[in-house]
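Supplied in structure tokens, the structure appears directly below.
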Amino acid sequence: MTLVLDVLRYAVFGVFVGSAAIALGSWAVRSRRISPFGSAGQTIRRLTDPVLAPIETWQLRRGGNPQNAGWWLFGVSLIGGILVLSVAQLLITTVLGLARAALTGPLAAIRFAIVLAGQIVSFALIARVIGSWLGVGRYQAVMKYAYRLTDWIVEPLKRVIPPLGPIDITPFVAWFVIQIALGVIVSVL
């Protein structure tokens, strides 16, 4: 199983490096660090434009600056890579943990179920934070389940913890509370 995860890590790293090269090359041509009329600039544009054109269109439709398309690609590949690796790790550890719990006994199965539930809520908290950064709200179909899974812990914390200007730190506090609670529960069981 670790071989699968290692191959996936290398693939994600390759996508990340490729998107960084595309973003950097596009920036260098657009900022005229590399002449857009020279052979190097034309080659860079020929290679990067097919990748960046859909992102530029998306940004134009939302009133953004299409010159930032390369950096959007870089950011999405970074966050997407982290999410892909996290979900793959979760699936692999879930399958291995389920097999181990089935062989060990009922107490191990209960411990496994509690840890799995905590991990699912933790991922929902991360999705909630990333969604808020991207402007995806509570009532959109993509985020509805993340809010349903996390409101039970975030909403009471919002009543206690004041916002720090425009930044709401309660999902981060909730994540730490869940991690500490999982550590305590697993050590007790």
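Sticking to Cα atoms, compute the Rg of the range 48-101 to one decimal and its Dmax as the biggest Cα-Cα distance, whole number, in Å.
17.4, 52
For the range 1-119, what does the accessible surface come to per residue with a 1.4 Å probe? Please give it in Å².
On the way: 7670 Å² over 119 residues.
For the range 1-119, the solvent-accessible area averages 64 Å² per residue.
Note the direction-averaged projected area, equal to a quarter of the hull surface, for the Cα convex hull of the chain, in nm².
Details: hull surface 58.7 nm².
That works out to 14.7 nm², a quarter of the Cα hull's surface.
While we're on this one: Please give me the summed charge of the neighbours of Val142: other residues whose Cβ is under 15 Å from its Cβ, Lys and Arg +1, Asp and Glu -1. Don't jump to the answer; show the numbers that get you there.
Values: positive: Arg128, Arg138, Lys144, Arg148; negative: none.
Every neighbour counted, the sum reads +4.
Could you look at the chain and say what percent of its accessible area is carbon and sulfur, using a 1.4 Å probe and all protein chains? Numbers along the way, then the final one.
On the way: 8830 of 12220 Å².
Carbon with sulfur: 72 percent of the solvent-accessible area.
Here's something else I'd like to know. Could you tell me how far the Cα centroid of the range 40-55 sits from the Cα centroid of the range 12-30, in Å?
11
The values are calculated or read from the model by the stated rules, or taken from the named source; none is laboratory data. None of the values given here were measured: they were computed from a predicted structure. Quick reminder, even Gly has a Cβ in these numbers, built from the backbone with ideal geometry, and neighbours come from all protein chains shown. Accessible surface is based on the protein model in full, side chains and every heavy atom, while ligands, DNA and RNA are left aside. Shrake-Rupley method; radii C 1.70, N 1.55, O 1.52, S 1.80 Å.
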